[in-house]
Structures are given as structure tokens and as C-alpha cells.
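What follows is one structure encoded as C-alpha cells, with my remarks underneath.
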Amino acid sequence: MSSEILINVTPQETRVAIIEQGITQELHIERTSSRGIVGNIYNGRVSRVLPGMQSAFVDIGLERAAFLHVADIHESCRNEHHKPIEQLLSEGSNILVQVVKDAIGVKGARLSTQISLAGRLLVYLPQESYIGVSQRIEDSNERESLRQKLQNILPADSTGGYIIRTMAETAEEPELQADIVYLHKLWQDIRKKSLTTPSSSLLYQDLDLSHRVLRDFVNADTYRVRVDSRETFQKLTTFASEYMMSDLEKISHYTGERPLFDLYGVEQEIEKSLARRVDLKSGGYVIIDQTEALTTMDVNTGGFVGVRNFDDTIFKTNLEAAQVIARQLRLRNLGGIIIIDFIDMDREEHRAAVLAEFNKTLQRDRTKMTVNGFTALGLVEMTRKRTRESLAQILCETCPTCQGRGEIRTAQTICYEILRELLRESRQFNAKEYRILASQQVIDLFLDEESQSLAQLGDFIARPIGLQVGTSYTQEQYDVILI
């Protein structure tokens, strides 16, 4: 499937959109102030060992300590006896670690001692000795051929293992050799730097977003990479000239007056991707709720009534929803546990067809996933590897009015809370007067529908009650002032 990549650059932010068949399929955003650290290598210092969790906290120079589980410690350290973490690490010791997952919410970054360095065609594993092939290359003969090709050009004194990336399918031997030399030199520089760099320091930083796009996303199906920044365009062409000459001609500098993302409708897609509801062309819709623990997706027929029987209406809605949900996973970069509640289907062949369509559409996704079939409750459970924050986590923050609940108490509810608060205050303090400071909506209600309730309370406590609008108050905020 042919694709086009758009790179929009502003001084503090880089945004990338991947367009397939004229539709935005993926969005990636990186800000200078909060650049992700996945792939970075640090000279870490163990700050705390937790035997009960078989984990450790490691200081890598960030505000929050990073997390290392015993399963992420390389086997050469654990050996065949699988030693517990307290026998492998001690507080205050230095350890070479790589970030495998960014800090998300209150969770710190996740680490591994299993180092991997990504090149254009290969991933170098300095602590391993095997040659693996990307799972996306499914043909067994092709996999063996690539493995043999790499084995033939490796130097006799070469150490470490490799994973052959999808882009290497059509690569020539000189290109593979260049990748090997580059990755070996990179690893030697990191090891040398680790000997002289103090603990809790950065040893290696992965490429920025625009360069990672060229390295990881551009393939034979990519026909153009459009960049709207001249400076970034020049950097990318220099990078491509050195590491990926065959793709150099695909990079172009966009100089049009209309913003690049507006031209392709990407800005509208970003806006839609932040909405809770996603409408289907058939008239149905999907409700997406993202929480810290998991993401749920609920499919509804909505206004779609179909043209035949009810079973076919449900089946068609679910088929369309399967395609839309697969796209939304990529577009919003949703990860972790995902629960999909398709509309209940009575026929087994319909459930099988929906699941097959869902898996087929998911094949375009580069992220590692596992999808289970329908459960006894008719739900589809899946996981999608979470390495970076979702689009909503990057672009949004918790609502200060509802504190993330998604709803606020009614003005009438607040009125009754204030009346109860006034009664409590009158019993504790002997004030001459009480003044209610609240939002315009609450004050309006006290002046209209709840005026009698307020008057009755004033008579009961035998004190005057004044009203004042707090211009900056949200509907749930109020104060009772004693005068």
C-alpha cells in the first residue's frame, strides 16, 4: 500500500503524519521540552532494590527514578540459575541501561540492560550471538536467504547479534556492510564513554523524530516525504545521502503558502482523534474511553437501520467498526490493555468474519500486538505495546473543572451544598453576616428558583445572607465568607 509522509516543523515541535490511500493513519508528535527518551542509553545508578517486587529503581538523571524488573536484566547477568534481583544488583552500584518505555503518568521510565542499537537495515544486539529476522518478513525461504546473506558478510572477528529489519529485503551487500560498521562504531563509542562518564548520565540519545521517520518508516511503499522546513529538509537530505541513498529522491521541500497539514486535512484528523465519539459512515458510532489501566471501545448501531434484517445490520456495523478501530489505535497511539465491545452477534460466522477483518486491518500497524478471540461475554481483548504517550496524553491535560471525571455537579447540587455549609457555619461561629461567593450559574439559581430556600435559611439562622459572583469560579467552586 503506497504511503506519503508529511513532516511539519515549528521551533519547539515536530509533527509527522503518515498518509495511506489519502487518509491519515498515524500521527507522531515530539516537543523539544518533553522529547521522548525511548532508545536512550544511560550510565545508571541503582538507588533502591525491591526484593518483594524483584525490581529496582535506577537513577538516570531524570526527575523521577526509572524502573528495572529482573526479567529485563540480560540473561548473561542472571545466568542459568535465574538469581533473584538482590543478588544481581546492590544500591549505589552503576549499571548500563536502555530506556524501553517512556515515563507515562505517574509511572517512571522502564529500563532494560539488554542493549539494542537500531540502524537503517539492522538492529545490533551487542550482548547476543544470534541472527534474527523481522516477523514482517513471513516467507521462510526469504528469511533464510537474508540470514545467510548477512552471515556471509560479517567480519570473522565480529561479535554480537543482529535482527534484520524489513527494509533489508532489497538491500545490497555494501548497504548492509555500511550498517554493520556504523553500529559497531556506535557501540564502541558508547562503551568508551561509559568508562569516563559519571553515574546517572546520558551516554547515547536516539535520533529525533524527523530522522527516526526516515530510518524506521520509509520503505518501498513510501513514494514521498514532504517537509515544510528548509533547515530540516537539508538535515534529512544529508542524513539520507549518508545512510539511505536509494530514498534520497523521495524527500522534498514543501514551499506552498497553505500549511502542509491543512492541505491534507491532518489538522481536522487531530481534532477528531481527541473526541470520545467516532462516527461510522453507516450511521453507527464507536465510543472510546481511555483510562490509566485500559482503553475501552464500545460499538453502537446509532442511526443505522439497515436494509435487510437486524443480524445483517449488526454485522455490517461491526465490520465497519473493526476497520475504524484498527485505524484509531494507530492514530491515537493507544497502548496497554484494550477491550472492544462489538455489538452482540448470534451467528458464529459473523463473529469470525469481524475478527478476521480486524486482524487484517491491524497488519498495517508496526506496533507489537496480541489479539484474543471473543470472550464468553462477547468482548474482544487485546494488548498493544505502549512505549510512548498516547496522542491525548501529549496534547491534553486533566480538566481543572471536573478533575478528569468528564462531568460536573449541577448548579442545583452546589446550591444545596452551600445551604448545608451555611447551617454548619452558623452553629460554629457567631458571625454578623454570611456571604456566598460562587459562580454566576449558582448565584443566578439563588436569585431565582432557590430564592425561597435561601430566605428560609436566613430566617432560621437569624442572620443576613449576601450573594457575590466569583468571576473566576467554576460551577463547583464556592466559598462561604463570615463577616
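Taking all protein chains as shown and a probe of 1.4 angstrom, Thr387 keeps an accessible surface of around 40 Å².
Ligands, DNA and RNA excluded, the heavy atoms of Asp216 present near 40 Å² of accessible surface to a 1.4 Å solvent probe.
From the P(r) of the stretch 27-161, could you give the percentage of C-alpha pairs in the tail past 22 Å?
Working: 4494 of 9045 pairs.
Of all Cα-Cα distances in the stretch 27-161, 50 percent exceed 22 Å.
Between Ser201 and Glu449, full extension at 0.36 nm per residue minus the direct alpha carbon distance yields a gain of 82.9 nm. Summarising the label geometry, the points placed 7 Å from Cα in the beta-carbon direction at Arg31 and Phe429 lie 4.0 nm from one another.
How about the stretch 114-187: which chymotrypsin sites (Phe, Trp or Tyr not before Pro) there lie in a loop by DSSP and see at most 10 other Cβ atoms within 10 Å? Each step should come with its number before you reach the end.
Details: sites: Tyr124, Tyr130, Tyr162, Tyr182, Trp187; in loops: Tyr130.
Loop-located and lightly packed - Tyr130.
Can you pull out the chymotrypsin sites (Phe, Trp or Tyr not before Pro) in the stretch 419-483 that DSSP calls coil and that have at most 13 other Cβ atoms within 10 Å? Don't skip to the end; give the middle numbers.
Numbers: sites: Phe429, Tyr434, Phe446, Phe460, Tyr473, Tyr478; in loops: Phe429, Tyr473.
Qualifying residues, ordered by number: Phe429.
This model, with +1 at the C-beta of Lys and Arg and -1 at the C-beta of Asp and Glu, gives the stretch 123-274 a dipole about its Cα centre of some 480 debye. If you sort Asp102, Asp344, Asp189 by accessible surface, 1.4 Å probe, largest first, the order is Asp344, Asp189, Asp102.
Among DSSP beta bridges lying fully in the chain, give the percent that are antiparallel, nearest 5. Close to 75 percent.
The label point for Gln234 and the one for Arg191, both projected 7 Å from the Cα toward the Cβ, are 3.7 nm apart.
Sorted from largest to smallest, which semi-axis lengths in Å does the alpha carbon gyration tensor of the chain give for its equivalent ellipsoid, taking the root of 5 times each eigenvalue?
Working: eigenvalues 513, 203, 118 Å².
Working from the Cα gyration tensor, I get semi-axes of 51, 32, 24 Å.
Taking 19 Å as the cut-off, the amide N atoms of the stretch 156-171 that come nearer than this to a point 7 Å along the Cα-to-beta-carbon line of Asn141 belong to 169-171.
Once R0 is set to 35 Å, what does the formula 1/(1 + (r/R0)^6) return for the Cβ-Cβ distance between Leu62 and Thr471, expressed as a FRET efficiency to the nearest 0.05?
Working: r = 40 Å, r/R0 = 1.13.
It comes out at approximately 0.30.
With all pairs of separate Cα atoms included, the stretch 168-254 yields a Kirkwood hydrodynamic radius of 14.9 Å.
Considering Cα pairs under 8 angstrom that are at least six residues apart, work out the relative contact order of the stretch 45-108 and quote it in whole percent. Present the calculation step by step, with values, prior to reporting the outcome.
Working: 78 pairs, mean separation 23.9, N = 64.
Over the stretch 45-108, the number comes to 37 percent.
Here the relative contact order of the stretch 356-398, from alpha carbon pairs under 8 Å that lie six or more residues apart, stands at 27 percent. Please compare each pair in Lys101/Lys360; Lys107/Lys185; Lys193/Lys250; Lys83/Lys149 to a cut-off of 30 Å on the Cα-Cα distance and tell me which ones are over it. Those over the limit are Lys107/Lys185; Lys193/Lys250; Lys83/Lys149.
Over the stretch 193-335, what per residue volume does the convex hull of the Cα atoms give, in whole Å³?
Details: hull volume 29.0 nm³, N = 143.
For the stretch 193-335, the hull spanned by Cα atoms encloses 203 Å³ per residue.
Using the Cα centre as the reference, give the magnitude of the dipole from point charges on the C-beta atoms of the chain (Lys, Arg: +1; Asp, Glu: -1; all else neutral), rounded to the nearest 20 debye.
Working: 56 positive and 68 negative charges, 217 e Å.
Roughly 1040 debye for the chain.
Note that the stretch 397-464 carries a Kirkwood radius of 13.3 Å, evaluated over its alpha carbons pair by pair. With a simple spin-label model that places each label point 7 Å from the Cα along the Cα-to-Cβ direction, the separation between Gln177 and Lys360 comes to 4.5 nm. Of all accessible surface on the chain at a 1.4 Å probe, what whole percent is carbon and sulfur? Roughly 48 percent of what the probe reaches on the chain is carbon or sulfur.
Could you list the GluC sites (Glu not before Pro) in the stretch 174-268 that lie in coil according to DSSP, counting only those with at most 15 other Cβ atoms within 10 Å of their Cβ?
On the way: sites: Glu175, Glu231, Glu242, Glu249, Glu257, Glu267; in loops: Glu257.
When the GluC sites (Glu not before Pro) of the stretch 174-268 are filtered for loop state and at most 15 Cβ neighbours within 10 Å, Glu257 remain.
Look at the alpha carbon pairs under 8 Å that are at least 6 residues apart: their mean separation over the length of the stretch 124-213 gives a relative contact order of 31 percent.
The values are calculated or read from the model by the stated rules, or taken from the named source; none is laboratory data. Only a predicted model underlies this, so the values are computations on that prediction, with no experimental measurement involved. Using ideal geometry, Cβ is built from the backbone for each residue, glycine included, and neighbour counts are taken over all protein chains shown. For accessibility, only protein heavy atoms count, side chains too; no ligands or nucleic acids. Shrake-Rupley method; radii C 1.70, N 1.55, O 1.52, S 1.80 Å.
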